[in-house]
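The structure appears below as structure tokens.
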Amino acid sequence: GEAQRLVAGGAIPAQWWELFGSPLISQRIERALAHSPSVAAAQAALRQAQENARAAAGGYSPSVSAGTSARRQKSTTAAFGGGDSSFIYNLYGASVDVGYTLDLFGATRRTVESQQALAEAQQFQLEGTYLTLAANVVTASVEEAALQTQLAATEEIVAALNEQTRITDKQFELGAVARTDVLAARTQLETTRAALPALRQQLAEVRNRLAIFLGQLPSEQDAATLDLAALTLPQEVPVSVPSELTRQRPDIRAAEARLHQASANVGVATAKLFPSLSISGSFGSQAARSGDLFTAASEVWGISGGLTAPLLRGGELRARKRAAVAAYDEAFADYRQVVLEAFGDVANSLHALDNDAQALQSRHAALQNADQNLDLVQKSYRAGAVGYLNVLDAQRQQQTARIEFIRARAARFSDTAALFQALGGGWWNRESSAPKEHAAR
């Protein structure tokens, strides 16, 4: 129940889960990052956004295309005097065409900026996927260990109650206790035993959830289990200052990138209100015979420029600009909401750590008192000073105190993991922007 010490401005390790001292948790997270479909989907989304950004950057360069053609045609020319003449001939051609649109008002530049911002948002979305998955694996592993410990404790209690019921039956046969004591003992036994199926179901659900996090079918889950007593609770927990939190949380960085994208889209919509200037040219060869191509007599070329300005579009372009401005306002509001929720997450986690320490102290004291009370009541019962109902009540109190103590221990690990997640998880302290073995290709 010792309170954890908060270190303001302390460095958060990239593999923060290793602070719990569990090789099994580290192995599970490594497997999850390598095989989880959610990670694969986030990596694919990032690759898509990066390629779209590269495609948009192609607008800075001229477009160059080459082509060849072969055509056979008939032409008829009306001649004077009512006659006509027909010509059937072949026409071969080869040319190179070049076109370029001048980015006078920044439409291309802001389009590229928008796509790059989207790629940046997807990069932080991927970081958020890593962080969420790691936190989920830690939390589920702790929950698995807690349920397993609760199940073992309940089974021990059932075994003790079963023995107590057997002794009570013998005492009843000898006339030492009343029938009501036998019924009370059996009721306590079956009531406690009834909790076992629910605990087994919860444990199975947690293990199935873990298998999904690890990219496995429930039937393929590892038989290895985590011992709650083997976990180490970090006694020193780094806490970021508010100014750093906005640079560390992947969801805040992603929201910031989406705000940047919305700003660029306003620029694109604004540029479309103004004229666009394009230049194109072609150089090639045309001849009636393929063998005459690329001779001086067959050379053809052309150059042209075009200026296109919107005059009447029914208000479409201005409406699209207003829509882009509204989208920017929405993105800005979303960004503020994400920041507020991030600070709320950190505050909740810090309060939880403090309250968890106090709760564990109280649960530990309650368990010690319940153990002592049960021992005294059992001695008094054997001496004939109290009735069997007092024993059952003391057993119930001790059972409840034991289970609550296990839950309080697990809560400290889960809430510590939640704090690391709320602080951003330390991804910026890695050697690269993504785990080397799991980086998007």
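Side notes on the structure shown:
- Charged neighbours of Ser278, selected by a Cβ distance under 14 Å, balance to -2 (K, R count +1; D, E count -1).
- Residue list for the stretch 104-147, given a label point 7 angstrom along the Cα-to-Cβ vector of Asn348 and an amide N cut-off under 16 Å: 132, 135-136, 139
- Summing Cβ point charges (Lys, Arg +1; Asp, Glu -1) relative to the Cα centre of the chain gives a dipole of roughly 1220 debye.
- Inter-probe distance in nm under a simple model that places probes 7 Å from Cα toward Cβ, at Arg31 and Arg336: 4.6 nm
- Between Arg47 and Leu217, full extension at 0.36 nm per residue minus the direct alpha carbon distance yields a gain of 58.5 nm.
- With the cut-off at under 20 Å, measuring from each backbone N in the stretch 98-138 to a point 7 Å along the Cα-to-Cβ line of Gln286 picks out 98-99.
- The aspartates and glutamates within cross-link reach of Lys74, meaning a Cα-to-Cα straight distance under 14 Å and a gap of 8 or more places when in the same chain, are Asp84.
- Value at 222 nm in deg cm²/dmol, rounded to 500, when DSSP H runs of n ≥ 4 in the chain each add -39,500 (n - 2.57): -22000 deg cm²/dmol
- Gained length - Arg322 relative to Asn429, 0.36 nm times residue gap less alpha-carbon distance: 34.4 nm
- With a Förster radius of 56 Å applied to the beta-carbon distance between Leu312 and Arg186, the computed FRET efficiency rounds to 0.05.
- Residue-span extension gain [Val96 to Leu273] - 0.36 nm each, minus C-alpha spacing: 60.5 nm
- nm² value of the averaged projected area, convex hull over the Cα atoms of the stretch 276-331: 7.5 nm²
- Inter-label distance, nm, simple model (7 Å from Cα along the C-beta direction), Phe294/Ala198: 8.6 nm
- The chain, accessible area per residue, ligands and nucleic acids excluded (1.4 Å, Å²): 55 Å²
- nm² value of the averaged projected area, convex hull over the Cα atoms of the stretch 17-62: 4.5 nm²
- Modelled label reach - Glu156, point 7 Å along Cα→Cβ, the stretch 206-238 residues with backbone N closer than 20 Å: 225-232
- Rg and Dmax over the alpha-carbon atoms of the stretch 97-144 stand at 20.6, 67 Å.
- Average Cα contact separation per residue, the stretch 13-154, under 8 Å, 6 or more apart, as relative contact order %: 33 percent
- Fraction of alpha-carbon pairs over 20 Å apart in the stretch 41-127 - percent: 64 percent
- A simple count of charges around Pro238, restricted to other residues whose Cβ falls under 12 Å of its Cβ and scoring Lys, Arg +1 and Asp, Glu -1, yields -1.
- Taking the stretch 232-302 and dividing mean pair separation by its residue count, relative contact order in percent (alpha carbons under 8 Å, at least six apart): 18 percent
- Across all directions, the shadow cast by the convex hull of the stretch 292-441 built on its C-alpha atoms averages 24.8 square nanometres.
- Semi-axes of the equivalent ellipsoid for the stretch 173-308, Cα gyration tensor, largest first, Å: 82, 27, 17
- Label assignment, Rg and Dmax of the Cα atoms in Å derived from the structure, set [x] 51.2, 183; [y] 37.5, 144; [z] 23.5, 75: [y]
The values are calculated or read from the model by the stated rules, or taken from the named source; none is laboratory data. Note that this is a predicted model, so its numbers are computed, not measured. For neighbour counting, all protein chains shown are included, and Cβ atoms are generated from backbone atoms with ideal geometry for every residue, glycine included. The protein model used for the area step is the full one, side chains on, heavy atoms only, and it has no ligands, DNA or RNA in it. Shrake-Rupley method; radii C 1.70, N 1.55, O 1.52, S 1.80 Å.
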